[in-house]
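Each remark here refers to the structure printed beneath this line.
The values are calculated or read from the model by the stated rules, or taken from the named source; none is laboratory data. The model shown is predicted, which means the values in this text are computed figures rather than measured ones. Please note: Cβ atoms are built from the backbone with ideal geometry, for glycine as well, and neighbour counts cover all protein chains shown. For accessibility, only protein heavy atoms count, side chains too; no ligands or nucleic acids. Shrake-Rupley method; radii C 1.70, N 1.55, O 1.52, S 1.80 Å.
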Amino acid sequence: MSTRVKICGITRLEDAQLAIAAGADALGFVFYEPSPRYVSPEVAAAIIRELPPFVVTTALFVDASETYVRQVLEQTQIDLLQFHGDETPAFCEQFNRPYIKALRVKPTLDLLAEQKRFQSARALLLDAYKPGVPGGTGESFDWALIPKALAPKIILAGGLDAGNVARAIAEVKPFAVDVSGGVEASKGIKDANKIKRFFEEVSCANEV
């Protein structure tokens with residue numbers, strides 16, 4: 001099965017179009033104001049209105065209020081929610097949308113227990129742990145920490161780029177990979193050549 005690809009941190013229509021043309025299955029929009037990739041609901045809605053069908057749009061939140069999540073949903077009509085903070089399963093489940101729960105991986109985290117805890121999640125997204133940084137660290141983590149039984153069900157993130165994504169797919173065999181900084185010219189601005197090279201490496205890995 002081919003590894004799916006999500007391009008996160010979309011802030012401009014032209015970047016969304018580049019990602020889709022390269023073969024992206026999903027696009028991520030960051031609704032977390034401290035992030036350099038933050039986008040307002042109004043801007044995200046304007047981008048989403050221009051997208052073709054069959055591209056999944058994803059809203060990323062970090063410990064947002066219920067009110068704010070509902071506001072974003074109403075304004076953008078986004079497809080999928082992605083929670084990167086300390087949200088509980090009950091919080092994630094209340095919005096009548098499928099959701100992804102992001103986990104920051106470190107040796108003390110029991111990923112199988114977290115999978116059971118968030119069994120209502122569409123998937124778990126595994127990212128690098130960095131104190132005080134909820135995501136977008138640009139750093140990878142020890143993929144050996146991922147249980148083999150869990151790997152086909154996860155979205156792998158954390159420091160991926162054209163230089164390591166093929167190895168990541170070969171070693172982990174995740175359902176999908178998620179990239180943001182690894183395909184950027186600067187924070188929040190995507191690079192067409194980096195996107196192209198990233199998808200070339202994913203394709204090569206899928207052919208093995």
Check your understanding: Between Ser65 and Arg117, what is the label-to-label distance in nm when each label sits 7 Å out along the Cα-to-Cβ direction?
Key -> 2.6
Point to revise | Area of Glu14 that stays accessible when all protein chains are in place (1.4 Å probe, Å², to 10) | key: 90
Exercise for review: Give the carbon-plus-sulfur fraction of the accessible surface of the chain in %, rounded to a whole number; probe 1.4 Å, heavy atoms of protein chains only.
Suggested key: 51
Revision key, fill the gap. Taking a probe of 1.4 Å and leaving out DNA, RNA and ligands, the chain shows per residue an accessible area in Å² of 47
Review point. What does a probe at Met1 reach in region 189-208, counting residues whose amide N is under 20 Å from the point 7 Å along Cα→Cβ?
Key: 202-208
Check your understanding: Counting alpha carbon pairs within less than 8 Å and at least 6 residues apart, what relative contact order, in whole percent, applies to region 4-207?
Key -> 19
Review point. Tell me, how many Å apart are the Cα centres for region 13-70 and for region 188-207?
Key: 19
Point to revise | Karplus (6.51, -1.76, 1.60) ³J(HN,Hα), θ = phi - 60°, over region 39-47, in Hz, Gly and Pro reported as x | key: 9, 6, x, 5, 5, 4, 4, 5, 5
Check your understanding: Sorted by accessible area with a 1.4 angstrom probe, largest first, how do Leu60, Leu109 fall?
Key -> Leu109, Leu60
Revision key, fill the gap. In the chain, lysine pairs 8 or more places apart or on different chains with C-alpha atoms under 15 Å apart total 11
